[in-house]
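Colleague: Mind looking over this structure? Questions follow.
The values are calculated or read from the model by the stated rules, or taken from the named source; none is laboratory data. If you're wondering where the values come from, they're calculated on a predicted model, not measured in any experiment. Neighbour counts run over all protein chains shown; Cβ positions are idealised from the backbone, glycine included.
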Amino acid sequence: MEKQKQEEQTKNREAFLALAAAIRRSRCVLLTGHVDPDADCIGSLLALCRAFSGPERQLVPVLADPVPPNLHFLPGWESIRRPEELDIQPDAVLLADCSELSRTGDTDWLTPYLARAERVLILDHHANASPMPAEICLQEAEASATAELVYLLLTENDIPIDQETATNLYAGLIADNGSFRFLNTTPLSLRVGSELLAKGIDLETIRVRLFETRSLKSMRIMAAALHEFKTDMDDRLIWMHIEKRVLDELGADSSDCANMTGSMMCLDGVKIGALFEERGPSLVKVSLRARRGFDVGSIAAAFQGGGHKLAAGCSIKAPLAEAEEMVLAACRKALEDADGRLH
Ligand SMILES: [Mn+2]
């Protein structure tokens, strides 16, 4: 067991060295991540930028969606570009917190860059059986956040971590592991957190901005959604929806709909939760959450989405009521299958 662990570590160490070497072989690196970017995605991009940018190498962070206002405290967030603002000819593309083209945006803005790049690199913690072809694909599903992998990439390569980078990485880490409360928390993530904390980061700001900040519109949307939540399967299944009409009335947009699933999952005994966000007449964004023993990642995957066992999501091209019906059927089936296993 010990020997196997050691071999694992050596294998990982080599992968981190190889990834850093590949970045350093590049002159201009386009860095990108997933749509609806979160603190892990953005914090990882910013930390990578700061660590590897230099006189002979430019790293350009680009995201299809804007940085959510509550993340405007992440050091360097203003440097993140939108695809339409780009005027670069990157010889490398690095995907962080994401490993497939479809997750990088609704349009195929990245495709021409991928076609011209000498190398594609991936650093991700999502379990994905078919990542896009890449020179190096460092996928570590055991890691609680991509920020944890960036931390290891920097330390394995003796790249110093300053307070700004520590802030970005700590925010990414705790956003994805719920401040070390989720099941993806490991002894390693706690060690990484401890070492980042020692860099003198501002815990109060990070916590308030990540978990305790909501726009007034967002408060109203959450109140409307919670007002009409529904349950089924002996209250083991809960769901709620956000109608586009409510957003329009408030002059709100999808960024005001973030972080709504936590309150939903407080229901005693709940096993699966689904939040349906109507984005258009035939477009619904679905966020799924589960308690241990269930796998909403496979439900999301059945609808071409992705994520983890306990937190996943997908987009469905159908009217709200239809999308709800399809996803709830899959959730009910997961609960019934679990009942079947018990009998
Ligand atoms: Mn992540």
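Colleague: Please enumerate the residues belonging to the stretch 125-138 that are within 16 Å of ALA301 (Cβ to Cβ) and within 16 Å of the ligand (Cβ to nearest atom). Explain how you work it out, then say what you get.
Modeller: Start the filter on the stretch 125-138 by keeping residues that are within 16 Å of ALA301 (Cβ to Cβ), which leaves 126-131.
The answer is HIS126, ALA127, ASN128, PRO131.
Colleague: Filter the stretch 61-90 down to the residues that are in contact with a strand residue (DSSP E or B) (Cβ under 6 Å, 6 or more places away or on another chain) and in a loop (DSSP other than H, G, I, E, B), then identify the one that is nearest to ALA147 (Cα to Cα).
Modeller: Among residues in the stretch 61-90 that are in contact with a strand residue (DSSP E or B) (Cβ under 6 Å, 6 or more places away or on another chain) and in a loop (DSSP other than H, G, I, E, B), the one nearest to ALA147 (Cα to Cα) is ILE80.
Colleague: Quick check on the stretch 139-160: of everything there that is away from the ligand (no atom under 16 Å from the Cβ) and within 21 Å of ALA92 (Cβ to Cβ), which residue is surrounded by the fewest Cβ atoms within 10 Å (Cβ to Cβ)? Spell out the reasoning first.
Modeller: Initially, the stretch 139-160 is screened for residues away from the ligand (no atom under 16 Å from the Cβ), giving 154-160.
When the remaining residues are screened for being within 21 Å of ALA92 (Cβ to Cβ), the result is 154, 156-157, 159.
Values: LEU154: 21, GLU156: 16, ASN157: 17, ILE159: 14.
Selected residue: ILE159.
Colleague: Is there a residue being modelled with pLDDT of 95 or more, out of contact with any Lys or Arg (no Cβ under 9 Å at 6 or more places or on another chain), among the hydroxyl-bearing types (Ser, Thr, Tyr) and within 28 Å of GLY293 (Cβ to Cβ) anywhere in the stretch 247-263?
Modeller: Checking the stretch 247-263: not a single residue is modelled with pLDDT of 95 or more, out of contact with any Lys or Arg (no Cβ under 9 Å at 6 or more places or on another chain), among the hydroxyl-bearing types (Ser, Thr, Tyr) and within 28 Å of GLY293 (Cβ to Cβ).
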